[in-house]
1. With all protein chains present, how much of the accessible area of the range 86-167 (probe radius 1.4 Å) comes from carbon and sulfur, to the nearest whole percent?
2. List the residues, sorted by chain then number, that are 5 or more residues from Gly184 or on another chain and whose placed amide H is less than 5 Å from its amide H.
3. Calculate the FRET efficiency for Thr50 and Ser118 from the Cβ-Cβ distance with a Förster distance of 22 Å, rounded to the nearest 0.05.
4. Using the Karplus curve 6.51 cos²θ - 1.76 cosθ + 1.60 with θ = phi - 60°, work out ³J(HN,Hα) for each residue of the range 190-201 in order, rounded to whole Hz, and write x for Gly and Pro.
5. With a ≥ b ≥ c the root eigenvalues of the C-alpha gyration tensor of the range 61-187, is it rounded (a/c under 1.5), prolate (a/b larger than b/c) or oblate?
6. Hey, rough spin-label estimate for Ala77 and Leu183, points 7 angstrom out along Cα→Cβ, what's it come to in nanometres?
Amino acid sequence: EPLRTTRRVTMAMKTTFAPQWRPCARLVRRVPKCRSTKVVPKASMRTPDTASRVLGALPYLLPLLDGLRYSRYFLRAAPAAAALLQPILPLAQLYFSIPFAGLVAFFGIYLGIVNNASLPRFVRLHAMQAVLVDILLIIPGLVESLFRTSLFGAGGQVQAMIYNVIWVYVLVCFVYGAGSSVLGSMARIPLVAEAADQQVR
């Protein structure tokens, strides 16, 4: 008799609590399993290789060579700084001895590097900044041709000041831009960085 009573109680408990257990079991089954995900770095976030670093630094030679004409007062006041330019003197002599070398180099960089979608954005953005700095150098030449008599008189003091400012800007752009490229980082050249970002996608 006690055994029958125990069985009846057990059956009653199963009947009573079974409807509550089954929904819980269904809810447990429906819980999605967490899948492991791997973060894949984007192409723009990858560290540039050696070839990209060198190719990104070379275009900065264009504004440096075109800006040499503004260095005379600076080098006259600081002759020791001329020693830093000794490595590029052979290149400068070759550059200025070839007719239209500046124009050929400009379009070569713009068409061959900036507009070359097969190259990394790191390289193209550096090249675009170098091209824009070179374009900025056209403005002082236009101003000089227009106001040579009235503005650049007075013993050349105003001209020396303007030339020094232009040359220091060009030199800083070269050192900062080329150095950043060689180190694998992206330079933000003053006055041209935003425009370069908009041009290079």
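The values are calculated or read from the model by the stated rules, or taken from the named source; none is laboratory data. Bear in mind the structure is a predicted one, so any value in this text is a computation, not a measurement. All Cβ positions, glycine included, derive from the backbone under ideal geometry; neighbour counts span all protein chains shown. To get the accessible areas, we keep the full protein, side chains included, count just its heavy atoms, and leave off ligands, DNA and RNA. Shrake-Rupley method; radii C 1.70, N 1.55, O 1.52, S 1.80 Å.
1. Values: 3460 of 4740 Å².
With neighbouring chains kept in place, the figure for the range 86-167 is 73 percent.
2. Here the answer is none, since no amide H 5 or more places off falls under 5 Å of that of Gly184.
3. 0.80
4. Those phi angles translate into x, 6, 10, 5, 5, 5, 5, 4, 6, 7, 9, 10 Hz.
5. prolate
6. Distance between label points: 2.7 nm.
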